[in-house]
Each structure stands twice: as structure tokens, then as C-alpha cells.
Amino acid sequence: MKRIALLTSGGDAPGMNACIRAVVRTALYYGMDVYGIERGYQGLIDDQMVHMEMRSVSDIVQRGGTKLRTARCLDMLTKDGQKRAVATLDKRGIEGLVVIGGDGSFRGAKTLSENYGIPTIGIPGTIDNDLAYTDYTLGFDTAVNTNLDIINKLRDTMTSHERISVVEVMGRHCGDIALYSGIASGAEIIVVPEIDYDMEDIVMRINRSRANGKHSNIIVVAEGVCTGDEFARKVQSITTYSVRATCIGHIQRGGSPSMSDRMLAAQFGNKAVRLLRDGIGNRVVGIHKNEIFDMDIIEAVNMKKKFNYELYETLQMISY
Ligand code: F6P
């Protein structure tokens, strides 16, 4: 393959820029021509793209967000939108496409591969860690680290006032951000969409911790369950301790990527281009047990994410 393009799509994630850099630099290393499509699939449909040079990706490895910008594109769900996207690629002589994004973005990539024969490689870029086929997605580690900074600060003030903090984190329908943020911050309770919660048990755990000398409690609630405000109201209605709610929101989507996310970005981007260079498309790249791998895109999008119950039990055993 001599000419490829890449786009970032869906919610941005820290590490996307580092990954754009890895894709562009690997392509240039192999003497390939590479285009950066702006505003995700919308830019592909509207033929909005820039030719990427060596210096187009300078000084971005450390930056959050995505230099190519991103969008959630409803037109890509329509036949007309898909045909316009394919026409753009044909017109420009682009032979392969790299898509950095989450579940919705992968479905777009799968459609282009399956229905239009465009060799496409998906790179998992989302803070949610909700793609079943890979252990980690790009941006998850940084988002959780951002949450840890915030929860550390909340712990200080909650302990001073002997309060309960309910912290709402993102993740869409997946509880991984809450699970990892909860365990790593020493939160006493996490509430995730994958497991029904029992308010009596939560109150029992809070009371037990206070009886054992604790002066504050942190409850991490995944947005897929309900809002932090709603949950805080429920907790407040059955306890005499003072409860405060904090929604971390989009803060967890920004910021400089962590070492882990930069490493993932470099390896995912490099692998994606090597596949295209070898004429291989219709794949996604991922990481499993510390090994970078690729697999069929249709198989990957059809896999169902499994919740890590063992980690959830770990929290129950060590945080009280
Ligand atoms: O998929 C990433 C994510 O941040 C989710 O965790 C969240 O539910 C959603 O995007 C928020 O979307 P938006 O930025 O469009 O409000």
C-alpha cells in the first residue's frame, strides 16, 4: 500500500495524539503517503483532510485531545454517508484507513471493510475500556490517573469534615473506570452497572468503617448506574453522616497522556501501519497479557465485554 489515511473518532482520549504521531511516522518510515482526516468520519464524508509530513506531528506526543479533532458522526450510519466516505477515499487514491476510536467508531470501520472492501485497521482509543477484545484501550490509564488525583484531594477534605464523598466517573455502560479508580484510590465502595447494588449493605459497610476508626468514605459511582447527585441523595436519606457529590466529568478526558498510554499509542500506531503496508486490512489491534496483537474486526466488535469480578472482590476485601 502506498497511500493511507487516518482519523480519530468518537470521544477523544489522552494518547490519541501520540498515536497519530506513531501512525504518521511509521508510514513515512516506509515511504508511504499519509493523510490526516479532520473531524472523524464527518471529515471523511466531507473530504476534509490534510497531507501529513514529518513535522505535522511534532510536539504532540505529550498533548491530550486530538490534533485531527473528532466528532460523533450520525451520517456514517446512513448508506448515503458511507458512499460519500468511500467516494472521498477513491478520489484521493487512498488504499487503507486507520481509525482510532471506540465501539461506535469500530462499527463504522467494520462497515467500510465489510460492505465496501476498504482495508481498515481499528485502534482502540477511548477512556471507557469497554472493548472486549483488548485488555486496555488508549486513554483509560490517564483517565483513571486523573480521577485518582481528584479523589486524593476529595479524601483530604472529606476526612477533615468526616463526610462521605460520592464521586461520579465516566465509562458509559462499562464499570472499568469506576473499578480501577476505586481500587487505586482506596475508595470503600464502588457502584458499577454490571452489579446490582444493595443500599443496606453500603450503609453497613460505611457504619462498620466508622466504628473501626475511619473518618471519611469515598463511594465511586459509574455514570452508567446513575448520576452522583442522585446516588448521594439516596445515601443521605439513610445516614446521618454528611454526604457530598462530585462529578468529575470531562476533566477525565483531557490532560497529558501517562507513560502507559504513550507506550500503547506508539505500539498500536506502529502495528496498524505495518499491517496496512503488508496489504492486510479489516483488523483491529489490541493488547493482551502485555503483547500487542491483531484480530479480525468483525470478531472483535461482536465480542461481549466481561466484567472483572475478581477485582471487584479485591476491593471488598481490602477497602474498609
Ligand atoms: O466514550 C467516552 C465518554 O467520555 C463516555 O465515558 C461518556 O459517557 C461520553 O463519552 C460523553 O460523551 P460527550 O463527550 O459527547 O458528552
- prompt: Roughly what percent of Cα-Cα pairs across the range 251-296 reach past 13 Å?
  reply: 60 percent
message: Give the aspartates and glutamates whose C-alpha is closer than 12 Å to that of residue 234, dropping any in the same chain fewer than 8 places away, or say none.
response: 198, 200
message: Highest mean first, how do 91-97, 113-119 rank when packing is the count of other Cβ atoms within 10 Å averaged over residues?
response: 91-97, 113-119
task: Taking the Cα centre of the range 142-253 as origin, work out the dipole magnitude from +1 charges on Lys and Arg Cβ and -1 charges on Asp and Glu Cβ, in debye rounded to 20.
output: 380 debye
- request: Going by C-beta contacts inside 10 Å, put 12, 296 in order with the fewest on the left.
  value: 296, 12
query: So what's Rg/Rh here for the range 142-253, counting alpha carbon atoms and using the Kirkwood radius for Rh?
result: 0.93
message: Which three numbers, in whole Å and largest first, are the semi-axes of the equivalent ellipsoid of the range 39-161 derived from its Cα gyration tensor as √(5λ)?
response: 35, 17, 13
- request: Among 227, 245, 212, flag the residue with its Cα farthest along the positive direction of the charge dipole of the range 142-253, charges on Cβ as +1 for Lys/Arg and -1 for Asp/Glu.
  value: 212
- line: Using alpha carbon centers only, the range 40-99 is separated from the range 112-156 by a whole-angstrom value of 19 Å
The range 139-208: C-alpha gyration tensor shape, a/c 1.5 cut-off, then a/b vs b/c: oblate
field: Volume in Å³ per residue [convex hull over Cα atoms, computed for the chain]
entry: 120 Å³
query: Can you list the lysines whose alpha carbon sits under 29 Å from that of residue 271, skipping same-chain ones fewer than 8 residues off?
result: 2, 67, 83, 91, 110, 289, 304, 305, 306
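Values in this text are rule-based calculations from the coordinates and carry no lab data. If you're wondering where the values come from, they're calculated on a predicted model, not measured in any experiment. As a convention, Cβ positions derive from the backbone with ideal geometry for all residues, glycine included, and neighbour counts pool all protein chains shown.
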